[in-house]
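Report on one structure; see the data block that follows.
Any read-out appearing in this document is the output of simple, stated calculations on the displayed coordinates, not a laboratory observation. Note that the structure is a prediction, hence the values are computed from the model and not measured. Cβ placement follows ideal geometry from the backbone for every residue including glycine, while neighbour counts extend to all protein chains displayed.
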Amino acid sequence: MALCLCRDDGGCDCKPLQFHLNGFFAPLRLCGESGFKVFDMARSKSSSRWLKEHFDDEYVTRAQQEGYRSRASYKLLEIDGKDKLLKPGMVVVDLGAAPGGWTQIAADRVGDKGVVVALDILPMDPVPGAEVLQGDFREDEVLQRLLDTLGEHPVDLVMSDMAPNISGMKTVDQPRAMYLVELTLELAKTVLKPGGDMLVKLFQGEGSDEFIKACRTHFRKVIIRKPAASRPRSREVYVLARNYFV
Ligand SMILES: C[S@@+](CC[C@H](N)C(=O)[O-])C[C@H]1O[C@@H](n2cnc3c(N)ncnc32)[C@H](O)[C@@H]1O
């Protein structure tokens, strides 16, 4: 486990842990990569900018006031408000779920008769009404655990807000991000019932247009959403692929 400063473009907008380092309170999160990252002084300017933006951010304030675990919650709330994705009784897979904002919303919407299976590489506090798994989605053993947990339940919605740790090097980060969305599409093709939906965070860049094309060959309708809570300078968008067909 590593500690790293979580910053903008990786979509790392989870509710921060307050961490005291050398008299400096900073939002930190646990990352699944091995090694130990601490503050890089050369980055301290942009880190300060990130800190200021984070604490001035209206969605961070709202999340704290309204009991959501992350500002990311408002992305799903907006998409769900527009596209009516989540319904009572649904079976939902939530990938990259920590700290659990999307899981809270999904569990609430699907209700007692629904099922929500949430997965993250990081530990996550339990969410009432959801099954929480910890592991790296890229690993076969973790995928198998997820499939075992779903059992025979045909899935209505696969959603992924996964964002890899950002190295700052485009040539490394974009392929990592694309690998996660491609694996998500593979899972969707394996577990979705005909007519099911997929919502996935996509970083625009090399490979993203091809990914959207691939979605169009498996879903009847593919829409790109950029919710207001998604920072304008971030390359992230959400691909909403609806009505899966075999
Ligand atoms: C933007 S955050 C998700 C926020 C979440 N949707 C919420 O509402 O609280 C992205 C998450 O993706 C997770 N993630 C990144 N790579 C992953 C992987 N290979 N397997 C599982 N989770 C991963 C990160 O640990 C991080 O918690």
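Tabulated data
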quantity	calculated
Likely footprinting exposure, M198, M159, fewest C-beta neighbours within 10 Å first	M198, M159
Ratio of Rg to Rh over the stretch 84-186 (Cα coordinates, Kirkwood Rh, two decimals)	0.98
Overall Cα dimensions of the stretch 69-244 - principal axes, largest extent first, Å	42, 34, 31
Hypothetical label at E210: residues of the stretch 141-178 whose amide nitrogen lies under 13 Å (7 Å Cα-Cβ projection)	175-176, 178
Cross-link pairs K113/K213; K75/K113; K52/K82; K82/K170; K113/K201; K84/K221 - those with Cα-Cα distance over 23 Å	K113/K213; K75/K113; K52/K82; K82/K170; K113/K201
Of the GluC sites (Glu not before Pro) in the stretch 147-246, those whose Cβ has at most 14 other Cβ within 10 Å and which sit in DSSP loop	E152, E206
Extended-chain gain in nm, criterion 0.36 nm per residue less alpha-carbon gap, Q64 and E141	24.2 nm
Of the chymotrypsin sites (Phe, Trp or Tyr not before Pro) in the stretch 162-246, those whose Cβ has at most 16 other Cβ within 10 Å and which sit in DSSP loop	F245
